[in-house]
1. What chymotrypsin sites (Phe, Trp or Tyr not before Pro) in the stretch 90-174 are in a loop by DSSP, with at most 11 other Cβ atoms within 10 Å of the Cβ?
2. Whenever you get a sec, compute what percent of the accessible area on the stretch 46-174 sits on carbon and sulfur atoms (1.4 Å probe).
3. Find, among the GluC sites (Glu not before Pro) in the stretch 106-174, those assigned to loop by DSSP (not H, G, I, E, B) with at most 16 other beta-carbon atoms within 10 angstrom.
4. Provide the per residue accessible area, probe 1.4 Å, for the stretch 52-174, rounded to a whole number of square angstrom.
5. For the stretch 73-82, what does the Karplus curve 6.51 cos²θ - 1.76 cosθ + 1.60, with θ = phi - 60°, yield as ³J(HN,Hα) per residue in whole Hz, taken in order and with x for Gly and Pro?
Amino acid sequence: HRSEYVIVNPSWMGSSYSALHRVQPKCTFCCLEGSTVHAGRLIIVDDEPAVLENCERLLRHHGLDCVTLGDSARFRETFRTTEPDLVLCDLKMPGKDGFALLAEALEEDPEVPVIVLTAYATLESAVRAIKAGAFDYLAKPFTGDQLAIAVERAVRQRSLTCENRRLREEVAAA
């Protein structure tokens, strides 16, 4: 498949060029026949404007529809109206922290993958996040490639989960 190059330059990622392939959407996210890994909707929650902007730019380049929130106050409302296929959230923010957002996201949709981002990575917080249901845990600074790989894995997981549900419904209806 075709590779494109994008510049990823938030202060905490350093200056680099990242080889990233573009994911082409083939259907709405919840798996129709013949679908492969494809784009979907995601919410990014981080109190650092540079992180929001750069993550959004990188992920939009991959065909994802991004909604960004600079704080956690409107997360649940945004989750309900957006019905995201993926959530990226910072762990330490004013107001509700990433653990609270992880719990809210999984309460709204137990199958939504949540990737936790943090500049304060510890083994304890990583274990706690994964035990609480996080799909992945990325320590800042992370590269554009690390983000793209984590998101691609989460999108693939969501796609398989949706396809599995659809197939079970077809079998039950037959």
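The values are calculated or read from the model by the stated rules, or taken from the named source; none is laboratory data. What you are looking at is a predicted structure, and each value in this text was computed from that prediction instead of being measured. Note: ideal-geometry Cβ built from the backbone for every residue, glycine included; neighbour counts use all protein chains shown. Remember, those area values only see protein heavy atoms, side chains included, never the ligands or the DNA or RNA. Shrake-Rupley method; radii C 1.70, N 1.55, O 1.52, S 1.80 Å.
1. Numbers: sites: F99, Y120, F135, Y137, F142; in loops: Y120, F135, F142.
Of the chymotrypsin sites (Phe, Trp or Tyr not before Pro), the ones in loops of the stretch 90-174 whose Cβ has at most 11 other Cβ atoms within 10 Å are Y120.
2. Ligands and nucleic acids excluded, carbon and sulfur give 53 percent.
3. E111
4. 50 Å²
5. 4, 9, 4, 4, 4, 5, 4, 5, 7, 7
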